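Student: I am attaching a structure below and will ask some questions about it afterwards.
The values are calculated or read from the model by the stated rules, or taken from the named source; none is laboratory data. A quick note: this is a predicted structure, and the numbers were derived from the prediction, not measured. Neighbour counts are summed over all protein chains in view; Cβ atoms, including those assigned to glycine, are modelled from backbone coordinates with ideal geometry.
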Amino acid sequence: MSMLTIKASPRTGRGKEAAKKLRAAGMVPAVLYGGAVETQLLAVEAKALSKLISQGAASHLVQLETAAGSLPVLLKEVSRDPLSGRLVHVDFYQVAMDRKLRTVVPVVLTGEGQRAADGGVVVHTAREVEVECLPAQIPDRLEADISKLAIGESLKAADLVLPEGVELVSDPDTVIASITTPASEEELEAQTEEQVAEPELVGKEKDEDEE
């Protein structure tokens with residue numbers, strides 16, 4: 001798989017005020033640890049980090065370019081502001097290319113258009129699974145072919161086709177996708193009635209509280 005890249009610069013300031021100034025300058029505080037390196041305080045451009053994440057860096061090997069050289073890393077943790085969603089911190093974990101590691105990989109469904117026209121509803125339950133492999137063997141994604149599934153059938157993690165050198169860590173019985181019977185008109189009407197009735201019940205309780 002291709003390796004994503006991001007540049008990082010050293011930072012010396014610690015604490016909330018220093019981090020606040022960095023973010024105001026369009027940077028995100030970062031820390032590098034793991035492997036043979038000592039823990040390092042770094043900073044990366046917010047726009048570059050956002051782009052990296054949009055490219056799927058959460059499950060990709062990343063080349064971190066620093067003043068001391070380039071290092072293979074994984075995004076161990078990405079923190080965002082709970083209100084604005086702004087990136088506020090990121091942890092980079094250096095990996096050893098000759099040692100297996102565990103990571104999560106996204107699962108995408110394929111073959112939906114080739115399924116029989118039986119009216120079944122596709123339910124995508126598990127959108128990622130945990131695998132173990134060497135860093136260079138981390139797959140971009142895993143595909144779950146549901147083209148042959150009929151109503152009432154499901155595809156489990158054990159059914160996924162894994163690339164050579166990649167082992168499944170997640171429970172093999174984890175349901176990735178299933179085909180269910182579409183809701184009947186009676187069920188849809190019942191759901192609609194419940195949704196309409198719910199605000200009325202809330203209103204009544206509120207009136208009682210006000211009294």
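Student: Can you tell which of 84, 79, 59 is loosely packed, with under 14 Cβ neighbours inside 10 Å and within 14 Å of the chain's Cα centre (by Cα)?
Tutor: 79
Student: Within the range 179-201, identify whether any single residue is modelled with pLDDT under 95 and surrounded by 14 or more Cβ atoms within 10 Å (Cβ to Cβ), and answer yes or no. Write out each step before concluding.
Tutor: Start the filter on the range 179-201 by keeping residues that are modelled with pLDDT under 95, which leaves 179-201.
After this cut, where a residue has to be surrounded by 14 or more Cβ atoms within 10 Å (Cβ to Cβ) as well, the list is 179.
Scanning the range 179-201, I find at least one residue that is modelled with pLDDT under 95 and surrounded by 14 or more Cβ atoms within 10 Å (Cβ to Cβ), so the answer is yes.
Yes or no, residue by residue, for (1) at pLDDT 90 or above; (2) touching a His at 6+ places or on another chain (Cβ under 6 Å); (3) under 30 Å from residue 25 (Cβ atoms); (4) not assigned by TED's automatic domain parsing to the domain that holds residue 168:
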residue: 69; (1), (2), (3), (4): no, no, yes, yes
residue: 73; (1), (2), (3), (4): yes, no, yes, yes
residue: 77; (1), (2), (3), (4): no, no, yes, yes
residue: 82; (1), (2), (3), (4): yes, no, yes, yes
residue: 112; (1), (2), (3), (4): no, no, no, no
residue: 122; (1), (2), (3), (4): yes, no, no, no
residue: 125; (1), (2), (3), (4): yes, no, no, no
residue: 129; (1), (2), (3), (4): yes, no, no, no
residue: 134; (1), (2), (3), (4): yes, no, no, no
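Student: In this structure, does residue 155 turn out to be touching a Lys or Arg at 6+ places or on another chain (Cβ under 6 Å) and not assigned by TED's automatic domain parsing to the domain that holds residue 36?
Tutor: no
Student: Something else about it: Could you list, ordered by first residue, the pairs with Cβ atoms under 6 Å in which the first is in the range 39-57 and closer than 15 Å to residue 92 by Cα and the second is among the basic types (Lys, Arg) and part of a helix (DSSP H, G or I), at least 6 apart or interchain?
Tutor: none
Yes/no matrix, rows are residues, columns are (1) assigned to a loop (DSSP other than H, G, I, E, B); (2) without any contact (Cβ under 8 Å) to a residue 40 or more places away in the chain:
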residue	(1), (2)
122	no, no
126	yes, no
131	no, yes
147	yes, yes
164	yes, yes
172	yes, yes
176	no, no
179	no, no
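Student: Turning to a different aspect of this structure: Does residue 69 satisfy the condition of being small (Gly, Ala, Ser) and farther than 19 Å from residue 4 by Cβ? Even if it seems obvious, please write down each step before you answer.
Tutor: Values: small (Gly, Ala, Ser): yes; farther than 19 Å from residue 4 by Cβ: no.
No.
Student: Could you count how many residues in the range 133-143 are in a helix (DSSP H, G or I) and surrounded by 14 or more Cβ atoms within 10 Å (Cβ to Cβ)?
Tutor: Within the range 133-143, residues that are in a helix (DSSP H, G or I) and surrounded by 14 or more Cβ atoms within 10 Å (Cβ to Cβ) number 2.
Student: Within the range 50-57, does at least one residue satisfy the condition of being in a strand (DSSP E or B) and not hydroxyl-bearing (Ser, Thr, Tyr)?
Tutor: no
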